[in-house]
Amino acid sequence: MKYLFTAKGRHGIHSPFVYAFVTNCIPTKIEKKFLIARKKLFKNLKNNNTTLEINDFGSGSKKLGNKRSISSIFSTSSSKGKFSLLLYRIAHYYKPKNTLEFGTSLGVGSIHLCKGNEQGIVTTVEACENTQFYAKKNLKKMEINNVKSILSTFEDFIETYKGEKFDIVFIDGHHNGIALLHYLEKLKPITHNDTLIILDDIRWSKSMLESWKTIINDPFYHVSIDLFRMGIITPRSQQIKEHFIIRF
Ligand SMILES: C[S@@+](CC[C@H](N)C(=O)[O-])C[C@H]1O[C@@H](n2cnc3c(N)ncnc32)[C@H](O)[C@@H]1O
């Protein structure tokens with residue numbers, strides 16, 4: 001079953017989880033102090049011509065080459081607009097103890113996940129050393145104290161991780177459909193029945209969209225939410241399987 005609805009009203013939503021997501025999580029108020037600091041950071045990144053030598057482990061833009069300015073990385077790779085604010089809102093509303101982000105880039109997504117819930121810990125994984133170095137600078141500038149920045153490939157991180165299970169996972173790197181399905185499978189032992197998995201760029205390529213279709217038909221995930229750019233999935237075996245399409 002598919003439902004297309006906005007955050008303004010209830011239109012036949014069966015899942016209390018999704019109803020709460022639409023009516024409580026999406027409208028979460030964002031702290032003004034954070035919005036001011038975020039605006040300043042975005043302005044700085046947008047106008048920053050410092051060049052970084054990039055080691056691209058994912059499916060990043062080949063035409064941008066290995067040397068990229070901070071401003072071009074910011075414009076092509078960082079979370080911005082309503083989707084970055086949604087990361088803050090999800091962190092604020094669900095108060096995850098442990099969050100995992102795959103793909104730190106300049107640290108913009110991490111900043112939203114960290115600031116949305118300062119009681120939780122965000123582990124963010126990035127394989128490019130120069131990018132991670134710059135992300136750490138941004139995290140410091142934004143006075144983030146609840147982040148663990150890990151220099152690793154996603155694969156190696158999963159293989160060696162020994163800590164607590166993650167409550168929220170944000171997969172935002174290596175946008176290849178086959179790789180995505182592989183990571184989801186590998187993440188199963190370090191996530192739980194209520195883990196929210198946020199997938200970025202589900203329509204970035206044909207293979208990403210194909211995999212998104214596979215994921216929403218997978219009986220393992222009882223809730224899937226299509227937000228057009230992002231997709232959210234969670235096992236939630238306690239409820240009937242439902243798929244939602246939400247424009248917000
Ligand atoms: C789209 S950017 C992440 C944006 C960031 N999450 C945000 O919200 O601003 C993707 C990042 O993932 C990193 N990456 C891609 N594939 C990777 C892999 N297999 N292992 C580790 N890092 C990877 C890239 O180097 C790049 O910096």
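Derivation of every value follows stated rules applied to the coordinates shown; laboratory data play no part. Computed from a prediction, not measured in an experiment: that's the story for all the values here. In this analysis, Cβ positions are derived from the backbone assuming ideal geometry, glycine residues included, and neighbour counts consider all displayed protein chains.
Below, the figures for the structure above:
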quantity	calculated
Loop GluC sites (Glu not before Pro), the stretch 157-200 (other Cβ atoms within 10 Å of the site Cβ: 14 or fewer; DSSP)	E164
Cross-link pairs K80/K148; K115/K136; K43/K80 - those with Cα-Cα distance over 18 Å	K80/K148
Too-long pairs where the Cα-Cα distance tops 27 Å, listed order kept, from K39/K165; K33/K67; K82/K140; K206/K241	K39/K165; K33/K67
Cα pair distances of the stretch 103-239 binned at 10 Å [whole percent]	12, 41, 37, 10, 0
Length gained when the stretch T214-I245 is fully extended (0.36 nm per residue, less Cα-Cα span)	9.6 nm
Under-5 Å amide H pairs with T123, H placed in peptide plane, nonlocal only	T99, L100, E101, K148
Karplus-derived HN-Hα couplings along the stretch 118-128 (A = 6.51, B = -1.76, C = 1.60, θ = phi - 60°), whole Hz, x at Gly and Pro	6, 7, x, 10, 10, 9, 10, 10, 9, 8, 8
Mean residue ellipticity (222 nm) of the chain, computed from DSSP H runs ≥ 4 via -39,500 (n - 2.57), nearest 500	-11000 deg cm²/dmol
Nearest-0.05 FRET efficiency for F34 and S237, computed from C-beta distance (R0 35 Å)	0.50
With eigenvalues of the C-alpha gyration tensor scaled by 5 and rooted, the stretch 4-246, Å	27, 21, 17
Residues H182 and F42, FRET efficiency given R0 of 35 Å [Cβ-Cβ distance, rounded to 0.05]	0.60
Estimated translational D of the stretch 114-176 in µm²/s (Stokes, Kirkwood radius over Cα pairs; 10 °C; 1.306 mPa s)	124 µm²/s
Where trypsin sites (Lys or Arg not before Pro) in DSSP loops with at most 10 other Cβ within 10 Å are excluded, longest remaining stretch of the chain	64-161
